[in-house]
Amino acid sequence: MCGIVGYIGKKNSLPIIIEGLRRLEYRGYDSAGVSIINDKAKVLNYKKVGRVGEMNDNIDKDIFQGSIGIGHTRWATHGVPNDVNAHPHFDMDDNVVIVHNGIIENYKQIKTKLLAEGFQFSSDTDTEVLANLINYYFRQTNDFEKSVRLALNEVEGTYGLACLCAKEPDKVIVARNGSPLLLGVGIEETIVSSDASAVINHTKNVVYLEDGDMAILTKNGFKMKTIHDVKIYREAHKIDFLLEDIEKSGYDHFMLKEICEQPDTIQNTYRGRINFDSGIAKLGGLDSVFDKMLNAKRFIITACGTAWHAGLVGEYMIEQFCRIPVEVEYASEFRYRRPIIDEDDVVILISQSGETADTLAALREAKKFGATTIGIVNVIGSTIAREVDAGTYVHAGPEIGVASTKAFTSQVMSLALITMMIAAEKNTISKESLIEIATELRNIPGKIKKMIDAKEDYKKVADAFKNANNVLYLGRGFNFPVALEGALKLKEISYIHAEGYPAAEMKHGPIALIDENMPVVFIAPQDRTYDKIISNIEEVKARKGRIIALASDDDDNINSYADYVLRVPKTLALFAPILNVIPLQFLSYYVAASRGCDVDQPRNLAKSVTVE
Ligand code: F6R
C-alpha cells in the first residue's frame with residue numbers, strides 16, 4: 001500500500017526517485033509526488049492525482065534538481081485521491097515535508113490538540129497531521145531528529161515514512177512501524193524504499209528497518225536508532241533477485257509474464273526439497289519445528305485473498321493425507337474473534353508479500369497464545385518471514401502484477417511438500433503413493449508448459465464471454481478453492497461480478513441466477529467427483545446456462561455437455577489445483593485485456609495490503 005522512495009547522495013535525485021516509484025506503482029497508483037532539496041537548500045514540491053508516468057511527463061526537470069529528495073505513489077486511505085491529499089505533505093510553516101505509508105490511528109486527537117495550538121490544515125490526511133506534529137516539536141526544540149522522535153512516540157498506528165526538514169536540509173529521516181521500509185546502501189548514496197525493487201538498479205545491499213526503528217540519512221551515510229533514542233545496528237542483506245525479474249521482458253503485462261513463468265517458478269519451489277526415488281520431501285526451514293508439526297493437535301492456516309485460497313487447498317491436502325485436523329481462517333477475522341489457540345496448535349501463515357497487515361496481526365495473535373508459527377512466504381526478508389518461528393520461502397520470484405498468479409501455484413506446491421513430509425513421517429501414506437506423487441510432481445512443470453503453449457485456445461473462450469455481467473465458478477473437493485480463485489481473478493481485473501461455489505451447493509441458492517446470459521465455469525477433472533459434476537452441468541444446461549468446462553485432455557464425453565472446453569492435462573488430485581488454475585488465470589487475463597482494463601494495476605487495488 002503506497003510506495004515510498006527517498007534518495008541522498010551525489011547524484012540528481014529526481015530520476016532515481018521517479019524510476020523507483022514506477023517500480024513501486026503496484027503498491028498504489030492514484031496520485032504521485034516528490035520533494036527535492038536543491039543546491040540552494042530550498043525544498044521544491046510537486047504532487048498531483050495520476051500516475052508516476054504523468055508526473056514524469058509534467059514535472060519541470062530543469063527546476064527539480066538536487067541530490068536529496070523523497071517521493072510517493074499513493075493508495076488512498078484517508079481522503080479521496082486529489083492533488084491536496086497526495087503526498088508529500090507539509091506542516092503549516094512549510095518546514096517539515098513527509099511521505100507516509102500506513103495509518104495514524106489517533107490523528108484526530110492530535111489534530112484537535114494542534115488546532116487548539118493554532119495549527120492549520122489543508123488536507124484530510126493523517127499524514128499532514130504528523131507533519132504538523134513534528135513541526136510542533138521542532139518549534140520547541142529546533143532539532144529535526146528529536147522532533148521526529150517525540151512525534152513518533154505520540155502517534156498510534158502504522159507508518160513507513162521519510163521526511164525532510166527545510167531548516168536542516170542536509171538529511172532525510174526515515175522510520176518504520178508496521179509498514180515495510182529498507183535502505184539500499186550504495187557507494188556514497190543511500191536510497192530508502194518500501195521494497196527492494198526500487199533500489200536494485202543501484203545496489204544489491206539492503207538494510208531492513210524493524211518496527212520502532214529510525215534512520216538518519218546524510219551524505220556521509222546513515223545512523224540507526226530506535227524511536228526511544230537507543231542506538232542500533234541492523235545487518236545488511238543481499239537482494240536475491242535480478243533486475244530482469246522485475247521487468248516485463250517483452251510481455252504486454254506483468255500478469256501475463258508471471259502466468260507464463262509458472263513452469264519455472266513451480267520448479268523453484270520444489271527444487272532440492274524432494275528425493276524423487278523415495279518421495280520424501282524435506283523443507284529445511286521447518287526442521288526446528290518439525291516435531292511440533294508431527295505432534296500438533298491441529299493446524300490453523302490463516303491468510304487473505306488468493307493466499308487464503310491456497311490455504312483452503314492445504315486443508316484438503318493435510319486432512320486427507322496426514323489425518324491432522326485443519327482449520328482455515330481469514331486472517332482479518334482470526335485476529336479479532338478471540339480464537340481458541342494453545343501451545344499444541346501449529347499456525348501456518350501464507351503470504352506472498354509477507355507484509356499483509358491482517359496476516360501479520362494474526363501471526364502476532366497466535367504467538368501471544370504460544371502456538372508454533374510457520375510462514376509460507378514469497379518475499380525474502382519480509383516481516384512475516386522474519387517473525388514466524390520457522391518457515392519456507394516459495395521462491396516464486398518478484399510478483400509485480402496486482403493479481404496473484406505464480407505465488408498461488410507455488411504456495412499450493414509448498415503445501416503439497418509439507419503434506420508429503422508429514423504424511424511420510426506419520427505413516428499416513430504408503431511408500432508407493434509417495435513415489436507416485438513424487439514422480440508426478442516432476443511432470444507438473446511440463447504440463448503447465450503445455451497449457452501455456454495452448455493459451456490461444458483459452459483466449460478464444462475468453463472472447464466468447466468477455467461481455468458477461470456475472471460468471472459462476474463451480475468445483476468440488478481440491479478444486480473448490482480453485483473455483484474461488486478463478487472467480488477472484490476475474491472480478492479483480494475485469495470488474496465482472498463472479499462467484500465461486502462448491503458445485504453441489506449450486507442447488508441451494510445460486511441456481512436461481514442461471515439463465516441464458518449466465519456463463520458457468522465447471523472444473524470437471526476425471527476423478528471420483530466426475531459423475532456428480534456432470535449432473536450439476538446438466539442442471540445448469542436445463543436452465544439454459546452457458547457451460548465452460550475445464551476437462552482432462554482425453555475427456556471426449558464432456559463435449560456433449562459443454563459449450564466450451566478448456567483442456568487440462570491429467571494429474572493426481574494433489575496437483576490438480578496447480579494445473580486447473582492456469583486456464584482460469586488466462587481466462588481472466590484475456591477477458592480483462594480485451595475489455596481494455598488495466599490488468600496490472602486494477603482500480604482500487606494495491607499489491608500488498610499493509611493497512612487493515
Ligand atoms: C488477489 C491478491 C490478493 C492477495 C491478498 C494477500 O489476486 O493478490 O487477494 O492474495 O491481498 O496478499 P499476500 O499474499 O501478500 O499476503
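The values are calculated or read from the model by the stated rules, or taken from the named source; none is laboratory data. These figures come from a predicted structure and were not determined experimentally. In this analysis, Cβ positions are derived from the backbone assuming ideal geometry, glycine residues included, and neighbour counts consider all displayed protein chains. In case anyone asks, the SASA skips ligands and DNA or RNA and just uses the protein heavy atoms, side chains included. Shrake-Rupley method; radii C 1.70, N 1.55, O 1.52, S 1.80 Å.
Summary of values
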item: Relative contact order [Cα under 8 Å, 6+ residues apart], the stretch 498-612, whole percent; result: 18 percent
item: Anisotropy class of the stretch 3-239 from Cα gyration tensor, a/c 1.5 cut; result: rounded
item: Those GluC sites (Glu not before Pro) in the stretch 221-254 that DSSP places in a loop and that have at most 13 other beta carbons within 10 Å; result: Glu235
item: Accessible carbon and sulfur surface of the stretch 3-239 relative to its total accessible area, %, 1.4 Å; result: 48 percent
item: Environment charge of Asn12, counting only residues whose C-beta is closer than 12 Å and scoring Lys/Arg +1, Asp/Glu -1; result: -1
item: Inter-centroid distance (Cα atoms) of the stretch 405-435 relative to the stretch 182-242, Å; result: 37 Å
item: Cα shape, the chain, gyration tensor, a/c 1.5 rule; result: prolate
item: Fraction of antiparallel bridges per DSSP, the stretch 158-231 only, in percent to nearest 5; result: 95 percent
item: Integer Hz, Karplus 6.51/-1.76/1.60 couplings in order for the stretch 436-453, x for Gly and Pro; result: 4, 5, 5, 5, 5, 3, 4, 7, 4, x, x, 5, 5, 4, 4, 6, 5, 5
item: Partner lysines for Lys282 [C-alpha distance under 20 Å; skip if fewer than 8 residues away on the same chain]; result: Lys292, Lys426, Lys431
item: Karplus-derived HN-Hα couplings along the stretch 228-235 (A = 6.51, B = -1.76, C = 1.60, θ = phi - 60°), whole Hz, x at Gly and Pro; result: 9, 6, 9, 5, 9, 10, 10, 5
item: DSSP bridge pairs, the chain: antiparallel proportion in percent, nearest 5; result: 60 percent
item: Charge context of Gly157, other residues only, Cβ under 9 angstrom, K/R +1, D/E -1; result: -3
item: Net charge of neighbours whose Cβ lies under 12 Å from the Cβ of Asn142, counting Lys and Arg as +1 and Asp and Glu as -1; result: 0
item: Residue-normalised accessible area of the stretch 454-602, given per residue in Å² at a 1.4 Å probe; result: 37 Å²
item: For the chain: relative contact order, % (alpha-carbon pairs under 8 angstrom, 6 or more apart); result: 12 percent
item: Amide H contacts of Arg546 (H built 1.01 Å from N, under 5 Å, at least 5 apart or other chain); result: Met518, Val520
item: Using a Förster distance of 25 Å, the FRET efficiency for Lys40-Asp124 (Cβ separation, nearest 0.05); result: 0.15
item: Segment Asp93-Glu244, length gained on full extension (0.36 nm per residue, minus Cα span); result: 50.0 nm
item: For the stretch 48-120: accessible area per residue (Å², 1.4 Å); result: 43 Å²
item: Degrees, to the nearest 10: 305-322 long Cα axis against longest axis of the chain; result: 40 degrees
item: Heavy-atom accessible area per residue - the stretch 264-363, 1.4 Å, Å²; result: 40 Å²
item: Positive dipole terminus of the stretch 325-365, leading residue within Tyr336, Ile348, Leu363 (C-beta point charges); result: Tyr336
item: Accessible area of the stretch 454-602 belonging to carbon and sulfur atoms, whole % at 1.4 Å probe; result: 46 percent
item: Long-range amide H partners of Ile301 with built H, under 5 Å; result: Glu327, Val328, Glu329, Ile348
item: Global geometry of the stretch 219-327, whether rounded, prolate or oblate, following the gyration tensor of its Cα atoms and the 1.5 cut on a/c; result: oblate
item: Dipole of the stretch 153-256 [Lys/Arg +1, Asp/Glu -1 at C-beta], most positive-end residue of Gly250, Val155, Thr190; result: Thr190
item: Degrees, to the nearest 10: 480-494 long Cα axis against longest axis of the chain; result: 50 degrees
item: Long pairs among Lys113/Lys171; Lys257/Lys544; Lys466/Lys507, criterion Cα-Cα beyond 31 Å; result: Lys257/Lys544
item: Tilt relative to the chain, helix 357-368 - C-alpha long axis, 0 to 90 degrees, to 10; result: 80 degrees
item: Sites matching trypsin sites (Lys or Arg not before Pro) across the stretch 512-549 that sit in DSSP coil, with at most 15 neighbouring C-beta atoms within 10 Å; result: Arg528, Arg543, Lys544
item: Whole-angstrom gap from the stretch 113-164 to the stretch 528-594, using each part's C-alpha centre; result: 56 Å
item: For peptides 444-455, 260-271, 13-24, 480-491, sequence by mean Cβ density within 10 Å, most packed first; result: 480-491, 13-24, 260-271, 444-455
item: Where GluC sites (Glu not before Pro) fall in DSSP loop in the stretch 336-386, at most 15 other Cβ within 10 Å; result: Glu343
